[in-house]
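Heads up, the thing below is written out as structure tokens.
The values are calculated or read from the model by the stated rules, or taken from the named source; none is laboratory data. Since the model is a prediction, treat every value here as computed from it, not as a measurement. A quick note on method: Cβ atoms are made from the backbone with ideal geometry, for glycine too, and the neighbour counts reach across all protein chains shown.
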Amino acid sequence: MGNTKSIGVAYSDQDISGADTLSGADIYATDEIGYSADAQGTVTQLTNKGTAVTLNKSAGQITTAASTIAANDVATFTLNNSLISAKDAMIINVGSGATTAGQYTAYVTSLTSGAAIIAVRNLVGSTSPGDTLVLNYAIIHCT
């Protein structure tokens with residue numbers, strides 16, 4: 001069963017109508033859980049990897065500036081997003097753009113109502129390339 005019944009920005013199968021939770025019996029190998037296309041967006045960071053960005057979407061991609069992060073160092077920036085609640089959780093990862101696979105990691109250092117602080121760490125101790133990274137994120141909205 002594909003995405004057949006809209007429940008806000010996510011979809012559920014007809015088998016789950018009215019349910020507040022999903023269990024293994026409700027999910028099939030071919031099912032998808034996630035955000036619809038209109039709940040996703042993109043934003044490009046200006047100036048450097050410490051520059052704040054704004055994207056008011058539940059999921060999306062942040063393209064970083066092409067500035068360097070020193071070897072074994074961290075750059076942090078703010079994602080302003082009116083959909084973020086202090087009760088939410090956020091998943092973020094490096095989707096593409098790294099010169100060397102595994103060179104960077106991305107994580108959320110704090111989450112407040114309307115904003116997340118994101119860190120990008122250069123894990124390699126000998127290089128500091130100015131890669132333009134694409135960071136994928138999704139907010140898990142909690143009540």
| request: Being of a type in the set (A, V, I, L, M, F, W, C) and touching a Phe, Trp or Tyr at 6+ places or on another chain (Cβ under 9 Å) is the filter here, so list the residues in the stretch 66-106 that pass it. | output: Ile69, Leu79, Met90, Ile91, Ile92, Val94, Ala98, Ala106
| Quick check: is even one residue across the stretch 64-72 under 17 Å from Thr132 (Cα atoms), in the same structural domain as Pro129 (by TED's automatic domain parsing), modelled with pLDDT of 95 or more and within 15 Å of the chain's Cα centre (by Cα)? | yes
| task | Taking Thr42 as the residue in question, decide whether it is at pLDDT 95 or above, exposed (fewer than 14 other Cβ atoms within 10 Å of the Cβ) and within 20 Å of His141 (Cα to Cα). | result | yes
